[in-house]
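The structure under discussion appears below in the form of structure tokens.
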Amino acid sequence: MSMRLDLCLCLLVTALSALPLCAGNARQARAIRLDEPVRVDGVLSENVWRNNPHIGDLVQVEPHPGELPSEPTKVWVAYDNDALYIAVRCQDSQPNKIIAREMVRDTFLMSDDSIEIILDTFHDNRNAYYFATNPVGVLVDGRISENRMMNREWDGIWMVRTSIDETGWSAEFEIPFKTLGFSIGNGSWGFNISRHLGRNREFSRWASPSLDVRFYNVARAGAIEGLSGLSQGVGLDIKPYAIGGFTRDIEAAKRVQGIRDAGADIFYRITPNLVSSTTFNTDFAETEADARQVNLTRFSLFFPEKRTFFLEDAGVFDFAGGLTAAGGRPPGGRGGGRRRNVDLMPFFSRRIGLARDEDGNQIEIP
């Protein structure tokens, strides 16, 4: 009888742990509907930022949990029919000590002063878009799936501008709705924002400022309310490519036939939750080169997928994996590490189009 009771309790705990976690006291804010255009230049001079209250103070996560940050941060959220605008004012009493070294897109802002944002556009407490920048305006973005570390290979179309002055630095984000998937009838989005003060290694957060909650835990984010009248456009993206050239045999004194090739990737959002991805004569070399790695082991290196066609909703196929502790951030910080635990990966799209036969020749896709 006791064993049966223990088994039932174990199953109950397992079932409850699988449910989305949503804090009962999650913070909420109301987005401001714009009645005049915003010039995204990093200078918060528009009336919408000056005449409206910010969404509330951030709370320190590290190194003194629960206390007010050593430097105040103010955040405003506004929108019009076409885009979401987020303005952030980072006060700093020592602006000469602001750290901003990274300029590469999708870099890891480990030591820089930075701002991170997550948007749970379906408010499902599981998946979200991730955006980040530093005082020099670097672009960092990704997709979060199932409350796990984001996939930084996703690149959206958005803009951020920053400025540094004698009292701190500011950032203005413009995120077009066309680059996001969302349900038009849902006026509430999950939202959270975090600030890192580099010189003090200080993290502060708007919602769930707790050491036992990582920033990318979408289920513990707050919410922005009042979003209405949003336009997602026709939901059609076309990415064509063309390659041309020729070769000439100098010794034979004749020109070989030119090299010509073309193709396209077509993405059409049928519904907010369903995207059709079509490729014609795919160019599998259209992404940037992989980061150079030195392998001193007998195991093959792992290179992540970077091709746009395979990154659309890639989180659906990302299961049975985890994160290594190596290279990770502390629980109150950004969380996650640079390296994934790839001991078990049932599906890996990087092999598609790159497989080779026994003689080393590339196997063409039919």
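Each value in this text was obtained by applying a stated rule to the coordinates, not by laboratory testing. Remember, it's a predicted structure, so these values are computed and weren't measured experimentally. A quick note on method: Cβ atoms are made from the backbone with ideal geometry, for glycine too, and the neighbour counts reach across all protein chains shown.
Amide H contacts of TRP206: VAL59, ILE193, each under 5 Å away and 5 or more positions distant or on a separate chain (H built 1.01 Å from N in the peptide plane; Pro and chain starts excluded). A Förster radius of 25 Å combined with the Cβ-Cβ distance from ARG199 to LEU34 puts the calculated FRET efficiency at roughly 0.10. Relative contact order for the stretch 147-208: 20 percent, from Cα pairs under 8 Å spaced at least 6 residues apart, divided by residue count. Peptides 116-128, 91-103, ordered by how many other C-beta atoms sit within 10 Å of their residues on average, highest first, read 116-128, 91-103.
Annotation: extensible slack from LYS239 through PHE302 equals 20.0 nm (criterion: 0.36 nm per residue apart, minus Cα-Cα distance). The amide H of ASN151, built 1.01 Å from its N in the peptide plane, has ARG143, ILE144, SER145 as neighbours under 5 Å, considering only residues 5 or more places off or on other chains.
Each peptide in 57-68, 221-232 was scored by the mean count of other Cβ atoms within 10 Å over its residues; highest first, the order is 221-232, 57-68.
Does the stretch 107-161 come out rounded, prolate or oblate, given a ≥ b ≥ c as the square roots of the eigenvalues of its C-alpha gyration tensor, rounded meaning a/c under 1.5 and, failing that, prolate meaning a/b above b/c? Here the stretch 107-161 falls in the prolate category. Annotation: extensible slack from GLU174 through ASN281 equals 35.2 nm (criterion: 0.36 nm per residue apart, minus Cα-Cα distance). For LEU84, nonlocal amide neighbours, meaning residues 5 or more places apart or on other chains whose placed amide H falls under 5 Å from its own, are ILE175, PHE177.
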